[in-house]
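Worksheet: the structure to be examined is printed underneath.
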Amino acid sequence: MAIKTAVIGCGRTANDLHAPVLEKHPEFEVVAICDVNTEALDKYSQRFPNAKKYTDYHTMLDSKDFDFAIVLTFSYTHTAIALDFIRAGKNVLITKPWAITTDEADWIITEAEKHNVIVMPFIPCHDGADVVKLKEVIASGAIGKVFRVYRAQMTFGKRSDWQTLKAYAGGYLNNWGPHIVEQAMCLVGEKFKTVYAHKRQIINPGDADDMFCSMMTTESGVIVQVDHNIISDYLPNWVVQGDKGTIYVKGNQMEIHEISYPEADDPTVYRSTTETKKTNITLEGKIFGDHYSIYTMIADTLKGKPYIVSLDYARHLTEIMQAIHASADEGKLVVL
């Protein structure tokens, strides 16, 4: 039997990312949709003509027609809306950022446990093709012990919607941080301990950041740099450095440099001679995640299997994001 599903928020994300899967995935049946914008609601209704339409999600909370809610609204509303559905006994998928602060994350975790419901932060890039292959290469020992990870997403282009406004929790840190900071977390596989960051508003209107750069360290001392910039598209997306080589990723192209050192150093020369083995790989799969497979995993979670990440893991992501904001806003090193 298909999972009876409600979608709250019928904007671009709902249409471009979620609807194409929900329309064809046999595990889900969209029976209710909600948006305060009636034009957006009517447009979404064309994709799900049998779904009941709502303009106020509060009127949905007592409905017995569904038990799974997908929250795709403005970022600043995610926690309040999710909490209301959780308290109504509904399982919830929350788009990024699932929480803006650790206080919000703690409220969600506490209420989910209290009401015995499943809460899933939506993290589609967690098992992206780049992360999967990077983990495989690192595990092989090809580049030795990793000491530094650089992850960046670069593009050209302005936007002028609500994502440019702080009042809506807009900005590129809140928008892209949950993707690329989380991927770095996933790759290093340990908690972060220090954060130092900058944010800027370069070309977008509004008052929110349109670029950020952050430097973190993990518990074991791995250096992690995560950047987003909308005025460049040339830099690599990943540079992963180990004591025996480096991995570069740009788009779906990966280049692995394995370095061989001589058995003994010669103190009479400037530096030792090395040999470099280069391997080029075209990544298979989707860089930003396969949404159909992700929804299959979500269905499995609703049937009792563990979700791809724990809520404690998601809380640490929120803690890092909050620290990036604090470091950039206050000009200080944040120790977690």
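Quick notes on this one:
- Helical segments meeting 27 Å axial Cα length and Kyte-Doolittle -0.5 threshold in the chain (DSSP H): 311-330
- Principal axis box of the chain, alpha-carbon based, largest edge first, Å: 79, 43, 38
- Straight-distance crosslink candidates among aspartates and glutamates, where the alpha carbon sits under 19 Å from residue 250 and sequence neighbours closer than 8 are dropped: 127, 130, 136, 182, 227, 233, 258, 284, 290
- Scattering profile of the stretch 78-133 at q = 0.14, 0.21, 0.22, 0.27 Å⁻¹ [log10 I(q)/I(0), Debye over alpha-carbon scatterers]: -0.39, -0.72, -0.76, -1.01
- For the stretch 252-336: rounded, prolate or oblate by the Cα gyration tensor [a/c cutoff 1.5]: oblate
- Anchor residue 64: aspartates and glutamates whose Cα lies under 16 Å away (excluding residues fewer than 8 positions away in-chain): 29, 84
- For the stretch 1-128, a crude dipole built from +1 on the beta carbon of Lys and Arg and -1 on the beta carbon of Asp and Glu, taken about the Cα centre, is about 300 debye to the nearest 20.
- Gyration tensor verdict on the stretch 80-239 (Cα atoms; rounded if a/c is under 1.5, prolate if a/b is larger than b/c, oblate otherwise): oblate
- The stretch 23-72-the stretch 305-336 distance, computed between alpha-carbon centres (Å): 31
- If only the Cβ of Lys and Arg carry +1 and only the Cβ of Asp and Glu carry -1, the dipole of the chain around its Cα centre is close to 280 debye.
- Extension gain, residue 15 back to residue 303 (0.36 nm per residue minus Cα-Cα distance, nm): 101.1 nm
- Relative contact order computed over the chain (Cα-Cα under 8 Å; 6+ residues apart), in percent: 17
- Between residue 217 and residue 310, the modelled labels are 2.6 nm apart [label points 7 Å from Cα along Cα→Cβ].
- Among 151-164, 202-215, the peptide with the highest mean count of other Cβ atoms within 10 Å heads the list, and the full ranking is 202-215, 151-164.
- Listed peptides 281-289, 257-265, 63-71, 179-187 appear in the order 179-187, 63-71, 281-289, 257-265 once ranked by packing, highest mean of other Cβ atoms within 10 Å at the front.
Every number here is computed from the coordinates shown, using simple stated rules; none is lab data. Predicted, not measured: the structure shown is a model, and the values here were computed from it. Methodologically, a virtual Cβ is constructed for each residue, glycine included, from the backbone with ideal geometry; neighbour enumeration extends over all protein chains shown.
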